[in-house]
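The values are calculated or read from the model by the stated rules, or taken from the named source; none is laboratory data. The model shown is predicted, which means the values in this text are computed figures rather than measured ones. Cβ placement follows ideal geometry from the backbone for every residue including glycine, while neighbour counts extend to all protein chains displayed. Just the protein is used for accessible areas: all its heavy atoms, side chains included, with ligands, DNA and RNA removed. Shrake-Rupley method; radii C 1.70, N 1.55, O 1.52, S 1.80 Å.
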Amino acid sequence: MGLDFGMTLPEKPVLSRRFRLQFEEAQQRWVLLYPEGMVQLNPSAAEILKRCDGTRPVPVIVAELETAFSVQGIGAEVTALLEEGQRRGWIG
Amino acid sequence: MAGSADPHAVVPAGPPLWLLAELTYRCPLHCVFCYNPVRYAGVQNELSTAQWIDVMTQARRLGAAQLGFSGGEPLLRDDLEELVQEAHRLGYYTNLITSGVGLNAARAQRLKDAGLDHIQLSFQDSTRELNDFLSHTKTFELKQRVAQLIKAHDWPMVMNCVLHRHNLPHVRKIIDMAVALDAEYLELANTQYYGWAWLNRDQLMPTHAELLAAEAEVQRFRAEQEASGAIRCRVLFVVPDYFEQRPKACMNGWGSVFLSVAPDGLAMPCHNARDLPGLQLQNVTQTPLADIWQRSQAFNAFRGEDWMQPPCRSCSERHKDFGGCRCQAFLITGDAAATDPVCNKSPHHEQVVQLVQQAPQRRQIPLVFRNDTESRARL
């Protein structure tokens with residue numbers, strides 16, 4: 001869809017206090033819980049959102065993930081997920 | 001006969017993700033569009049605190065993550081705080097679905113301390129007159145106070161307003177009220193015709209023109225809000241399915257993600273399933289929840305696709321809408337396994353068209369308010 005509200009990502013993204021990030025045993029995945037709803041996250045989205053604690057700048061999140069998963073050049077992917085999260089109100 | 005499912009040929013069930021705990025059918029309001037069973041007065045023996053805790057524990061183990069405390073009015077249960085606290089400890093996201101009657105500052109604080117995550121507050125209208133008339137109570141000011149209490153305790157608030165021909169013309173004022181009260185979400189829920197709403201359908205049914213006008217107001221608000229650059233209140237317009245050509249994906253499919261437990265412990269794949277003929281519904285006080293969810297006749301009656309009749313059986317959209325709503329199929333066609341007649345491929349679709357078209361000529365039928373006397377009269 002790509003609705004562009006002209007928002008820019010915060011320097012240090014933080015998960016909105018209106019969403020709860022939680023691992024669900026029965027589903028074997030991380031989910032975001034909010035009033036009467038649940039977003040089922042894929043593993044990479046979960047790893048990104050787990051690091052949105054308001055202390056890490058985006059480049060630090062990217063570097064951490066690249067180290068943790070022995071990959072490179074995932075900056076664009078991380079930014080896209082964060083922008084999507086911001087559009088959907090997950091990122092404050 | 002409910003479905004053709006062989007009880008031994010069980011479709012593998014995923015986890016129930018939603019547990020709806022209907023704590024009580026008792027309610028201080030008397031709403032004419034209530035979806036509770038018309039014969040609720042015959043339901044005795046509410047589950048005890050310990051029994052509810054057992055249900056919540058079992059459902060959490062099966063995978064339920066969202067928990068709705070509903071009713072009736074769940075605040076009529078004195079043990080609500082205790083149940084919320086236990087649900088929170090179990091890791092549920094806890095939702096209280098309430099009319100607001102019974103919520104004062106002290107109780108709000110206790111629920112906050114217990115870990116309640118969210119409150120959905122119902123309004124009947126943006127005006128005192130219509131709110132109080134439709135619920136047959138004087139609750140309009142109380143609801144305003146409760147809304148402020150919810151925000152003072154930093155809960156996210158979903159405001160819910162059931163729409164019908166009496167309040168559809170007020171939809172913009174209802175939206176403005178939700179924004180003024182700082183609701184994060186507004187659910188504009190066009191009446192679904194079950195329970196008491198089914199009894200009152202001729203009085204509640206809007207015309208197509210009334211509905212289109214309201215929907216245009218909703219779109220106008222959304223456009224204004226987007227242009228402002230700040231989303232303060234997300235407005236959901238729940239589709240009035242009698243006016244559609246395709247059915248809703250009711251419950252996201254029978255026995256797929258939704259598990260409802262009634263005040264007396266009856267476990268149901270849908271909170272309206274009590275009156276469906278041929279279902280062997282089981283009680284949580286007698287059968288382990290895992291057995292009910294995975295193996296019971298009731299939860300498997302319409303699970304998967306084997307039960308489907310034509311035109312659903314070969315329809316390319318059956319994975320999307322799962323054949324629609326079983327309760328609606330039964331109410332309108334007399335067969336719970338029929339295609340939801342809202343679908344224009346259904347041989348019974350004309351009956352839905354007639355229900356809509358005939359309503360304006362049948363407005364003289366008196367409204368029936370939901371109360372114990374009316375319920376007992378129908379036992």
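At-a-glance table
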quantity: Under the Karplus curve 6.51 cos²θ - 1.76 cosθ + 1.60, θ = phi - 60°, whole-Hz ³J(HN,Hα) for segment A:44-49, x wherever Gly or Pro sits; calculated: 6, 4, 5, 4, 5, 5
quantity: Centroid-to-centroid separation of segment A:29-88 and segment B:246-321 [C-alpha atoms, Å]; calculated: 36
quantity: Exposure of B:C327 as accessible area (Å², to 10), given a probe of 1.4 Å and all protein chains; calculated: 10
quantity: Long pairs among B:K320/B:K345; A:K50/B:K248; B:K112/B:K248; B:K151/B:K248, criterion Cα-Cα beyond 25 Å; calculated: A:K50/B:K248; B:K112/B:K248; B:K151/B:K248
quantity: Prolate/oblate/rounded label for the protein assembly as shown (Cα gyration tensor, a/c 1.5); calculated: rounded
quantity: Point-charge dipole on Cβ atoms (K/R +1, D/E -1) for segment B:132-284, about Cα centre, debye to 20; calculated: 60
quantity: For segment B:331-345 versus segment B:79-122, the gap between their alpha-carbon centres in whole angstrom; calculated: 38
quantity: Amide H partners (placed H, <5 Å) of B:N190, local residues excluded; calculated: B:L163, B:V238
quantity: Pair B:E141, B:T57: separation of 7 Å Cα→Cβ label points (nm); calculated: 4.6
quantity: ³J(HN,Hα), Karplus 6.51/-1.76/1.60, whole Hz, each residue of segment B:87-95, x for Gly, Pro; calculated: 4, 4, 4, 6, x, 6, 8, 9, 10
quantity: Heavy-atom SASA rank of B:H208, B:H170, B:H118 (probe 1.4 Å, accessible area, largest first); calculated: B:H208, B:H170, B:H118
quantity: Solvent accessible area, Å² - B:F237, 1.4 Å probe, full protein context; calculated: 30
quantity: Residues whose placed amide H lies under 5 Å from that of B:G323, excluding near-sequence neighbours; calculated: none
quantity: Summed residue charge, Cβ within 11 Å of B:V171's Cβ, Lys/Arg positive, Asp/Glu negative; calculated: -2
quantity: Most mobile of B:A262, B:A64, B:A152 in a GNM of chain B (Cα contacts under 10 Å); calculated: B:A152
quantity: Segment B:295-379: C-alpha gyration tensor shape, a/c 1.5 cut-off, then a/b vs b/c; calculated: oblate
quantity: Selection from B:S256, B:A267, B:L236, by position along the positive dipole direction of segment B:233-294 (Cβ); calculated: B:L236
quantity: Listed residues B:G115, B:G304, B:G42, most fluctuating in chain B (Gaussian network, C-alpha, under 10 Å); calculated: B:G42
quantity: Chain B: most fluctuating residue of B:E22, B:E317, B:E187 per GNM, C-alpha cutoff 10 Å; calculated: B:E317
quantity: Cα lying deepest toward the dipole's positive end in chain A, options A:Q27, A:P43, A:L15, charges on Cβ; calculated: A:L15
quantity: HN-Hα J in Hz across segment B:198-208 - Karplus 6.51, -1.76, 1.60, θ = phi - 60°, x for Gly and Pro; calculated: 5, 4, 9, 4, 5, 7, 9, 5, x, 8, 4
quantity: Within chain B, helix-based [θ] at 222 nm, where runs of 4 or more DSSP H residues each add -39,500 (n - 2.57), nearest 500; calculated: -10000 deg cm²/dmol
quantity: Shape category assigned to segment A:1-71 from the gyration tensor of Cα positions, a/c cut at 1.5; calculated: oblate
